[in-house]
Amino acid sequence: MIDQQINLPYFDTLFTLLDNGHPEIDLAFGRHVHWGYWPNPEKALNTPEDFRKAAEQLTYEVYSAANVKDGQSVLDVGCGFGGTIASLNEQFSQMNLVGLNIDERQLIQARKKVVARDVNTLRFEQGNACALPFADESFDVVLAVECIFHFPDRRQFFEEAFRVLKPGGHLALCDFVPIDLSILFMWFNSKFNFFKSSFYGDFDMRYTTSRYRQLAAETGFAPLVERNITANTLPTYKFLWTLAQTWMSNSPAAFVQTFNTEWLSRLGLLNYMIFSYTKK
Ligand SMILES: C[S@@+](CC[C@H](N)C(=O)[O-])C[C@H]1O[C@@H](n2cnc3c(N)ncnc32)[C@H](O)[C@@H]1O
């Protein structure tokens, strides 16, 4: 095991809740640990079952932006409990699927939960998104589902994704992306943190769409999809508040950080974006 520590209090909370047996938490977050996508947000039901379906749909929206097809090699960076790999394993055939995570605890769960169908191969490896432990040109698709804000450096990740992709391969990701004006607020928010620690660990949500465009151009990627799906993700917050007693009760930081993210999103200052690119 590589010794790579990461500060992720929300995963610590999740592990405690899952160990103590909370079926609604398991249903909602036992496969995917990300926001949901509702094609019709006004029809969201605010139940764990509905949230699980919406989280599955978000995964689908991201890998569809990379045009995933049968027979491909796909790397899912920051793979959590392996939900995206599980989904690809169920939907596609003749796949070589690899999940990478810096946190070995999550990988132990992923290996238990996700078993390759006989038409596919899959494995989970520990490693850092910014120093991918894979050969050049070894994947058709690289995915990063709701995790790039944790990575130490987006540029290093883009360079690494470019290196491990085959020519013509696709990178797809989703991220919380501020509009230019809100960066100042987010900077203040991060500087004047009243809590000793951040519930969501170390993250950087100050990367705007124009910076993404510039980064893609500078690292050799051609843009493919740039999609604002904020409205489709907003029912996530109502669901998170419904479960607040279970997962936030000991963490004022969880409450304030979730509240801030919700209201920045509702006010149109923070967008939930899907981006995908082609390696030129
Ligand atoms: C919000 S979770 C998303 C998990 C998964 N992609 C999903 O959608 O269910 C963020 C993930 O990023 C992983 N992560 C954070 N920093 C990382 C890094 N530097 N390299 C690889 N994975 C990282 C975390 O361990 C966690 O699994």
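Footprinting exposure proxy ranking of 255, 11, 151, fewest other C-beta atoms within 10 angstrom first, gives 255, 11, 151. When only alpha carbons of the range 94-243 are considered, Rg and Dmax amount to 17.4, 52 Å.
Starting from the Cα of residue 113, move 7 Å in the Cα-to-Cβ direction to define the label point; list residues of the range 143-171 whose amide nitrogen is under 18 Å from there. Flagged as within label range: 143-148. Each helix, a run of at least 4 DSSP H residues, gives -39500 (n - 2.57); summed and divided by the residues of the chain, these come to -12000 deg cm²/dmol at 222 nm. Counting other Cβ atoms within 10 Å as a rough exposure proxy, the listed residues 248, 95 run 248, 95 from fewest neighbours to most. Scalar couplings 3J(HN,Hα) for the range 74-89, obtained by applying the Karplus form with A = 6.51, B = -1.76, C = 1.60 to θ = phi - 60°, are 10, 10, 9, 8, x, 6, x, 8, x, x, 5, 4, 4, 5, 5, 4 Hz; x denotes Gly and Pro. For residue 201, the amide hydrogen comes within under 5 Å of the amide hydrogens of 10, counting only partners 5 or more places away or on other chains and with H modelled in the peptide plane. In this structure the amide hydrogen of residue 169, modeled in the peptide plane, comes within under 5 Å of the amide hydrogens of 279, none closer than 5 places in sequence on its chain. Using θ = phi - 60° in the Karplus curve 6.51 cos²θ - 1.76 cosθ + 1.60, the 3J(HN,Hα) couplings for the range 118-129 round to 5, 8, 10, 10, 8, 8, 10, 10, 8, x, 9, 4 Hz; x is entered for Gly and Pro. Among beta bridges identified by DSSP and lying wholly in the chain, the antiparallel ones come to about 45 percent.
Exposure proxy for 203, 221, 92: other Cβ atoms within 10 Å of each Cβ, ordered fewest to most, give 203, 92, 221. Distance from the Cα centroid of the range 13-64 to that of the range 153-177 is 25 Å (rounded to whole angstrom).
Legend: distances between Cα atoms for 53/238; 112/166; 53/113; 69/112; 69/166; pairs beyond 19 Å are 112/166; 69/112.
Scaled to the globular estimate 2.2 N^0.38 Å, the Cα spread of the range 41-91, given as radius of gyration, is 1.27.
If you take the alpha carbon atoms of the chain and fit the smallest convex hull around them, that volume is 124 Å³ per residue.
Any read-out appearing in this document is the output of simple, stated calculations on the displayed coordinates, not a laboratory observation. Quick caveat: nothing in here was measured; it's all calculated off a predicted structure. Cβ sites come from the backbone with ideal geometry, for glycine too, and all protein chains shown count toward neighbours.
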